[in-house]
1. So between Phe59 and Asp389, what do we pick up on full extension, going 0.36 nm a residue minus the alpha carbon distance?
2. For Val417, what residues show an amide H to amide H distance below 5 Å, using hydrogens built from the backbone and excluding near sequence neighbours?
3. Going by a ≥ b ≥ c, the root eigenvalues of the Cα gyration tensor, does the range 207-388 fall in the rounded group (a/c under 1.5), the prolate group (a/b larger than b/c) or the oblate group?
4. What does DSSP give for the chain in terms of the percent of beta bridges that are antiparallel, rounded to the nearest 5?
5. 7 Å from Cα along Cα→Cβ at both Asp237 and Val162: what's the point-to-point distance in nm?
6. Could you do me a favour and compute the accessible area per residue for the range 399-506, 1.4 Å probe, result in Å²?
7. Report the antiparallel proportion of the DSSP beta bridges in the range 207-388 as a percent, rounded to a multiple of 5.
8. Please work out how much length the chain gains when fully extended from Ser188 to Trp442, using 0.36 nm per residue of separation minus the C-alpha to C-alpha distance, in nm with one decimal.
Amino acid sequence: MRTRLLHAGFGVLSTLVGVAAGHLVAAALEPASSPVLVVGSTVIDLTPTPMKEWAIRQFGTHDKTVLVGSVLAGVLLLAAVAGLLAQRRFAYGAALLVVLTAIPAVAALSRPGAEATDVLPSVAAALAGVASLAWLERAARPTPARGDGDGGADNGRRGVLVAGGVLAVGAVAMGGAGRWLTSYRTRSVVVDLPAAADPAPALPAGLDQRVPGISPFRTPVSDFYRVDTRLTLPLVDPDNWTLTIDGDVEREVTFTLDDLLAMPLIERDITLTCVSNEVGGKYIGSTRWRGVRLTDLLDRAGIDGTGADQILSTDVDGMTISTPLDVATDGRDAMIAVGMDGRSLPREHGFPARMVVPGLYGFVSACKWITRMTLTTYAEQDAYWTQRDWATDAPIKISSRIDTPKPLATVDPGRTVIGGVAWAQHQGGITKVEVRVDGGPWQPARLGPTAGNDYWRQWYLPWTAEKGQHTLAVRATDGDGDVQTAARATPFPSGSTGIQEIVVTVS
Ligand SMILES: Nc1nc2c(c(=O)[nH]1)N[C@H]1C(S)=C(S)[C@@H](COP(=O)(O)O)O[C@H]1N2
Ligand SMILES: [Mo]
């Protein structure tokens, strides 16, 4: 039994060495081709929508960590089997390791835009894994005793300890180096942006100082939510990046980053929201975007008389996002953004350029790392989420959130404040927010300043908290007089609705 455990452990350790070696080689070549990550990405793309929704709900922003962890756990289980096979016959165990590394190799090659070199990390993983297993198996084989009978076993034990120690240290070192190299290579670079020809007015001071615990009026870039299908950030070289407009246009046009920066830039305060945001959720952020008006770019390509009803945006890796053409060109401040909060975009948020369309959820508008906009029809071409049955026409639904107090918080009795944010981008903004305590009447909250109809609004209500348990609820009204509905809808397929209700204890 103990020897079987030992050999299973050999399989696991060898595989960890392989995974780490693969990760390091990938970090040097193409981070996304790292064996575990490339399998993880393939799993993301193959996961049916309901399961993905479930995972986002269960694990929130940790869903990717859980995913990579699960892939790794599955791999290590098979690795243990490889170890057991190797105990019988080395070739069997080695063969299983090679089969295991063939999976990421195939996955890496089937990524859109894959290059032949993307298999190298898997090859490195196979070589390192098999070599490690060979070393461990040989070290464990009792050498013919030289002196007394126990010497051989002792040598074997020492040999296994040495090999195991060296390999464990090697795996940690290679894995760590790979991580460091990946984050170093994908660190954000700052590109100098020209000032906006059409700037936004100064942002009014929000309620940030007066209401502790409320979301800042402008979300710090480091706190801005991130939602995308990627496990690694793409390495885009701003000097070689281009944006092409093609499809049903009068002429295909291609812009370099310098071309974009030479055009008049607009600057707008816009609140971005994810369709996967549950009522009261965190997948929302507000910032000042700088970019080229979308219609300025489309005009260069010429879309008069186009039969298209969709802009199909493609990112550097071939991921696609659809946007209704009529909405994007109806006069709202849709843009190809190059800047966020006064600086060029961070890699996480789409460097060097992304689309931003006020009033539409990100999954039908906010294509990051954009390289192509194809004028086409919904009948002809389906974007990534359309293939997964999400809506194509997805305006952001009016909603509101309580930031303070936190759900299930314990609050001191006496004077306090209930506060948060509300949004109804491109629907006349927020004109009213109401709070309900313990099912009583809806009481109007005080509104913070406005930064335009495409931006969220802070709100607060002074509250004298009495001892006991209390239920707090919030709802918003938009510029058209539409009140946030209490009817619950799930994020799938076109965004959540309902009213956030939290329970707090005053004691
Ligand atoms: N290339 C690419 N762009 C993308 C996505 C993606 O997965 N890939 N996710 C979209 C979704 S669902 C949202 S909500 C926004 C989020 O933008 P952020 O991460 O900058 O907040 O980006 C959108 N753009
Ligand atoms: Mo999203």
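The values are calculated or read from the model by the stated rules, or taken from the named source; none is laboratory data. In this text, all values refer to a predicted model and were calculated from it rather than measured experimentally. Every residue, glycine as well, gets a Cβ built from its backbone with ideal geometry; the counts of neighbours run over all protein chains shown. Just the protein is used for accessible areas: all its heavy atoms, side chains included, with ligands, DNA and RNA removed. Shrake-Rupley method; radii C 1.70, N 1.55, O 1.52, S 1.80 Å.
1. Working: separation 330, 0.36 × 330 = 118.80 nm, distance 2.20 nm.
Net length gain for the segment: 116.6 nm.
2. HN-HN under 5 Å from Val417: Trp463.
3. Since a/c reaches 1.5 and a/b is larger than b/c, the shape of the range 207-388 is classed as prolate.
4. 90
5. Label-label distance for Asp237 and Val162, simple model: 4.5 nm.
6. 44
7. Here the share of antiparallel DSSP bridges comes out near 90 percent.
8. Full extension of this stretch gives 86.9 nm more.
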